[in-house]
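Quick notes on the structure that follows.
The values are calculated or read from the model by the stated rules, or taken from the named source; none is laboratory data. These numbers come from a predicted model, not from an experiment. Positions of Cβ are generated from backbone atoms using ideal geometry, with glycine treated the same way; all protein chains shown enter the neighbour counts.
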Amino acid sequence: MAIKTILTEPNNILRQVSKPVEIVGNDEKQLMKDMLETMYDANGIGLAAIQIGVPKRIIVMDISKDNEEKNPMYFVNPVIKNKDNQRTTYEEGCLSVPNQFAEIDRPSKCEVEYLDFNGEKKVLKAEGLLATCIQHEMDHLEGILFIDYLSKLKKSMIIKKLSKNKSSRIVV
Ligand code: NI
């Protein structure tokens, strides 16, 4: 397994639409393992493949609490089947939008069809944090970031801040 570099906004790669996976083979399994390790290392609860520069429709998540056993989840080619009319708000952050947080509202429940780590077809009925997290991650597959839901002004302020941080970063 290997820890990969997580791309951060602004970066055009993050805006790509990811492509469906044809077969969950060894390459995809290795990718999922690397993604999980990268996500744990960054203290995240979800990561999409595009965040490490791979435009495949693959997501890993683990929303277990610190004092609970790890519970990795793998989603290949996820599709939302049902969304609740009711909405719920969480303060969201993103490993690709470092140190920025904003309240985002999304459908409070959803049903997701996907392939698991072994390529088997599964259905997830999600609510609460799980529902929000999977919807946030699925947005990444379409090149959408949570800051896209904010006002133009708020979004541009965040991007400006992130760009500034990037240009003042040196590696020696
Ligand atoms: Ni994210």
(message) So, in segment 53-62, how many residues would count as being surrounded by 21 or more Cβ atoms within 10 Å (Cβ to Cβ) and not in a strand (DSSP E or B)?
(response) 1
(message) So D62 passes all but one of these: (1) among the charged types (D, E, K, R); (2) under 14 Å from M138 (Cβ atoms); (3) modelled with pLDDT of 95 or more. Which condition number does it fail?
(response) (2)
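Residue-by-condition table, conditions (1) in contact with an Asp or Glu (Cβ under 6 Å, 6 or more places away or on another chain); (2) part of a helix (DSSP H, G or I); (3) at pLDDT below 95:
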{"residue": "N67", "(1), (2), (3)": "no, no, yes"}
{"residue": "R106", "(1), (2), (3)": "no, no, no"}
{"residue": "K125", "(1), (2), (3)": "yes, no, no"}
{"residue": "Q135", "(1), (2), (3)": "no, yes, no"}
{"residue": "D148", "(1), (2), (3)": "no, yes, no"}
(message) If I filter segment 96-143 down to residues being within 12 Å of the chain's Cα centre (by Cα) and β-branched (V, I, T), which single residue comes out as surrounded by the fewest Cβ atoms within 10 Å (Cβ to Cβ)?
(response) V97
(message) Restricting to segment 85-95, give me the number of residues that are surrounded by 15 or more Cβ atoms within 10 Å (Cβ to Cβ) and either within 12 Å of the ligand (Cβ to nearest atom) or outside any strand (DSSP E or B) (or both).
(response) 4
(request) Report, by residue number, each residue of segment 19-54 that is touching a residue at least 40 places away in the same chain (Cβ under 8 Å) and touching a helix residue (DSSP H, G or I) at 6+ places or on another chain (Cβ under 7 Å). (result) V21, I45, G46, L47, A48, I50, Q51, I52, G53
(request) Answer yes if at least one residue in segment 20-41 is part of a strand (DSSP E or B) and either away from the ligand (no atom under 14 Å from the Cβ) or out of contact with any Pro (no Cβ under 8 Å at 6 or more places or on another chain) (or both), and no otherwise. (result) no
